[in-house]
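Student: I have a structure here, written as structure tokens, and I will follow up with some questions on it.
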Amino acid sequence: MSKTAKLIFEGKTYELPVIEGTRDEKALDVSSLRSATGLITFDPGYVSTGSCKSSITFLDGEKGILLYRGIPIETLAEKSHFIETAYLLIYGHLPNRKEMDYFSYHVTRHSMLHESIKNFYDGFPSNPHPMAVCSAVVGALGTFYQDQLNVLDEREIEISIHRLMAKLPTIAAYSYKKSIGQALPYPDNSLSYTANFLKMMFSNPCEEYQVDPTVAKILNILLILHADHEQNCSTSAVRLVGSSRCNLYASVSAGIYALWGPLHGGANQAVIEMLQKIIEDGGGVKKFIDKAKDPNDPFRLVGFGHRVYKNFDPRSKIIKNMAHEILGELNVKESLSKIVKSNIDDELEKLNIEESLFDVALELEEIALKDDYFIERKLYPNVDFYSGIIYQALGIPVNMFPVMFAMGRLPGWIAQWKESQADEDFKIGRPRQIYTGNASAEYIPMEERK
Ligand code: SDX
């Protein structure tokens, strides 16, 4: 028996259908509300509004649960690898051996960029933010495949997926290499996805380069943890742009820009900058917690809070444990000496910086989680709170942290875009509004204006 909800408005009673998801979430279906009642809904930031039905990712913010196609994130982080998880999200099932080999082969084979794309990098100023570069280059990819952008053609969608998955690490690495004046390396198709990215980032043409398998493994897990997160800001941007039947490259380009914001994927960069500011300020953690609580102070504790999680973000728990391992047990000095050509001569000094950032993060978390302001508002560390500490320890430059998030989120954006294009309820996204401007106004000639 399908459920309904009654709405009484201006003396009339309306029955609206209630729809249910497979994990018992319920939604009031208001698609007929305006035609039946003349009312629209009003929900800034879509706090209580579902934009679609989706079978890709499930979050339970109260219990801190995250499932990709029903599989717990903890299991995938332990047992899967990023390309397998990408396949799971995009195609809806774990690949068999043949499917995995086919997908891996094509994602590897398309890793090179058209040579003329290198000219794009010459056109940017010397130190562009890599998110702007990645979004611009991803959006422009479509100009190289103009005859394969039909969003209703299975084969053209498939090859766009292969190209995007394969090329984003190259595009990202190029944005870093260009910023430090080094040659743009070619991908190495003999390496795994993350090893190839690390080699493009940290190798140079003058010497042999061996990827540290520990670092490649850590990066694999981080990419899995960031791979999808249902209808977050950037995914909603990808879906909305795709809802005009716009191609995958342009839709993902919009997603990269949306992710860049400090309230979203840009938070991992902002967390490190905040921790560094706390260390440099010398005033201690409590001073900044008080600032975050002060309604008159715009300062917020970046890396804390989440629209959905009102409990621990399961990803931040895994990342926090990884950070402990990397800065503690694992011999990070050895792996750092292999990958980091940082401008900090003494790796120990660098290690000390990592540890002090981590120590401040741990102290911040400990104090905040006991503070009523954060408890009442259910503000917990989110995925961005610890991830930057690991990226830094791996030698990734701070302004590349959001790019790492984008590389991880790419299969999620692709999966959500692909699902939206095939949605039986497909419609172009076009929200309504409540108008609050002039009820009417006259045109006043220039000479009469004040
Ligand atoms: C990501 O949506 C996703 O799934 C995102 C993501 C993904 O995988 O795609 O999980 C990735 O974007 C994680 C979030 C990264 N952003 C940050 O860490 C930035 C800091 N956090 C906040 O700005 C905030 O918590 C948001 C943006 C994440 C969520 O904002 P909401 O849901 O709109 O909540 P809100 O701003 O209405 O805050 C509710 C209350 C407010 O207090 P009151 O006005 O009620 O007194 O909590 C306060 C806020 O002022 N608050 C904070 C705070 N976050 C919220 N106060 C201090 N520090 C903070 N970080």
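Student: Just give me the residues in the range 243-269 being open to solvent by 30 Å² or more (accessible area, probe 1.4 Å), hydroxyl-bearing (S, T, Y) and more than 16 Å from the ligand (Cβ to nearest atom), in sequence order.
Tutor: Within the range 243-269, just S244 meets the criteria.
Student: Here's another thing I want to ask about it. Would you call P187 open to solvent by less than 30 Å² (accessible area, probe 1.4 Å) and either free of Cβ contacts under 8 Å to residues at least 12 places away in the same chain or under 16 Å from I414 (Cβ atoms) (or both)?
Tutor: Values: open to solvent by less than 30 Å² (accessible area, probe 1.4 Å): yes; either free of Cβ contacts under 8 Å to residues at least 12 places away in the same chain or under 16 Å from I414 (Cβ atoms) (or both): no.
Spelling it out, it is not the case that P187 is open to solvent by less than 30 Å² (accessible area, probe 1.4 Å) and either free of Cβ contacts under 8 Å to residues at least 12 places away in the same chain or under 16 Å from I414 (Cβ atoms) (or both).
Student: Among the residues of the range 201-229, how many are in contact with a Phe, Trp or Tyr (Cβ under 7 Å, 6 or more places away or on another chain) and near the ligand (Cβ under 9 Å from one of its atoms)?
Tutor: Residues in the range 201-229 being in contact with a Phe, Trp or Tyr (Cβ under 7 Å, 6 or more places away or on another chain) and near the ligand (Cβ under 9 Å from one of its atoms): 2 in total.
Student: Scan the range 5-30 for residues that are in contact with a Pro (Cβ under 9 Å, 6 or more places away or on another chain) and not in a strand (DSSP E or B) and jot them down.
Tutor: D29, the sole residue that qualifies.
Student: Moving to a separate point now. Any residue in the range 233-253 that's without any contact (Cβ under 8 Å) to a residue 40 or more places away in the chain: show its pairings with residues that are within 15 Å of the ligand (Cβ to nearest atom) and open to solvent by less than 50 Å² (accessible area, probe 1.4 Å) at Cβ separation under 7 Å, as long as the two are six or more apart or on different chains.
Tutor: If the second residue must be within 15 Å of the ligand (Cβ to nearest atom) and open to solvent by less than 50 Å² (accessible area, probe 1.4 Å), the pairs left are C233/A258; C233/H264; A237/A254; A237/G255; A237/A258; V241/A254.
Student: Among the residues of the range 69-77, is there at least one that is touching a residue at least 40 places away in the same chain (Cβ under 8 Å) and of a type in the set (S, T, Y)?
Tutor: no
Student: Where in the range 118-184 are the helices (runs of 4 or more DSSP H), entirely inside, with at least 3 residues that are farther than 23 Å from V238 by Cα and open to solvent by 30 Å² or more (accessible area, probe 1.4 Å)? Reasoning before the result, please.
Tutor: Working: elements: 118-123, 130-141, 154-179.
Passing ranges, in order: 118-123, 154-179.
Student: Considering every residue within the range 15-34, establish whether at least one is modelled with pLDDT under 95 and within 16 Å of the ligand (Cβ to nearest atom).
Tutor: yes
Student: Kindly indicate whether F103 is assigned to a strand (DSSP E or B) and open to solvent by less than 50 Å² (accessible area, probe 1.4 Å).
Tutor: So F103 does not fit the description; no.
Student: Additional query: For residues in the range 198-242 being open to solvent by 30 Å² or more (accessible area, probe 1.4 Å) and basic (K, R), which is modelled with the lowest pLDDT?
Tutor: Among residues in the range 198-242 that are open to solvent by 30 Å² or more (accessible area, probe 1.4 Å) and basic (K, R), the one modelled with the lowest pLDDT is K217.
Student: Still on this model: For the range 294-309, which residues satisfy the criterion of being more than 7 Å from the ligand (Cβ to nearest atom), touching a residue at least 24 places away in the same chain (Cβ under 8 Å) and open to solvent by 60 Å² or more (accessible area, probe 1.4 Å)? Lay out the reasoning, then the answer.
Tutor: Taking the range 294-309 and keeping what is more than 7 Å from the ligand (Cβ to nearest atom), we get 294, 296-299, 309.
Narrowing the set further to residues that are touching a residue at least 24 places away in the same chain (Cβ under 8 Å) leaves 309.
Passing the criteria: none in range.
Student: Return a yes/no flag: does the range 277-291 have any residue that is open to solvent by 10 Å² or more (accessible area, probe 1.4 Å), near the ligand (Cβ under 10 Å from one of its atoms) and touching a residue at least 24 places away in the same chain (Cβ under 8 Å).
Tutor: The answer is no, given that none of the residues of the range 277-291 is open to solvent by 10 Å² or more (accessible area, probe 1.4 Å), near the ligand (Cβ under 10 Å from one of its atoms) and touching a residue at least 24 places away in the same chain (Cβ under 8 Å).
Student: Residue by residue through the range 344-364, note down the ones that are closer than 25 Å to G408 by Cβ and modelled with pLDDT of 90 or more.
Tutor: V360, A361, L362, L364
Student: Kindly provide the set of residues from the range 32-57 that are open to solvent by 30 Å² or more (accessible area, probe 1.4 Å), touching a residue at least 60 places away in the same chain (Cβ under 8 Å) and of a type outside the set (A, V, I, L, M), ordered by number.
Tutor: The answer is R34, F42, G45, Y46, G50, S51, C52, K53, S54, S55.
Student: Being more than 22 Å from M274 (Cβ to Cβ), open to solvent by 30 Å² or more (accessible area, probe 1.4 Å), in contact with a Phe, Trp or Tyr (Cβ under 9 Å, 6 or more places away or on another chain) and not hydroxyl-bearing (S, T, Y) narrows it down to one of I444, I428, I434, so name that one.
Tutor: Unique residue meeting the criteria: I434.
Student: On to the next question. Go through I375, I367 for me and flag whichever is of a type in the set (V, I, T) and either at pLDDT below 50 or exposed (fewer than 13 other Cβ atoms within 10 Å of the Cβ) (or both).
Tutor: Values: I367 fails: either at pLDDT below 50 or exposed (fewer than 13 other Cβ atoms within 10 Å of the Cβ) (or both).
Of the residues listed, the single one that is of a type in the set (V, I, T) and either at pLDDT below 50 or exposed (fewer than 13 other Cβ atoms within 10 Å of the Cβ) (or both) is I375.
The values are calculated or read from the model by the stated rules, or taken from the named source; none is laboratory data. Keep in mind that this is a model prediction, so the values were computed, not measured. All Cβ positions, glycine included, derive from the backbone under ideal geometry; neighbour counts span all protein chains shown. Just so you know, the surface numbers come from the protein's heavy atoms only, side chains and all, with ligands and any DNA or RNA stripped out. Shrake-Rupley method; radii C 1.70, N 1.55, O 1.52, S 1.80 Å.
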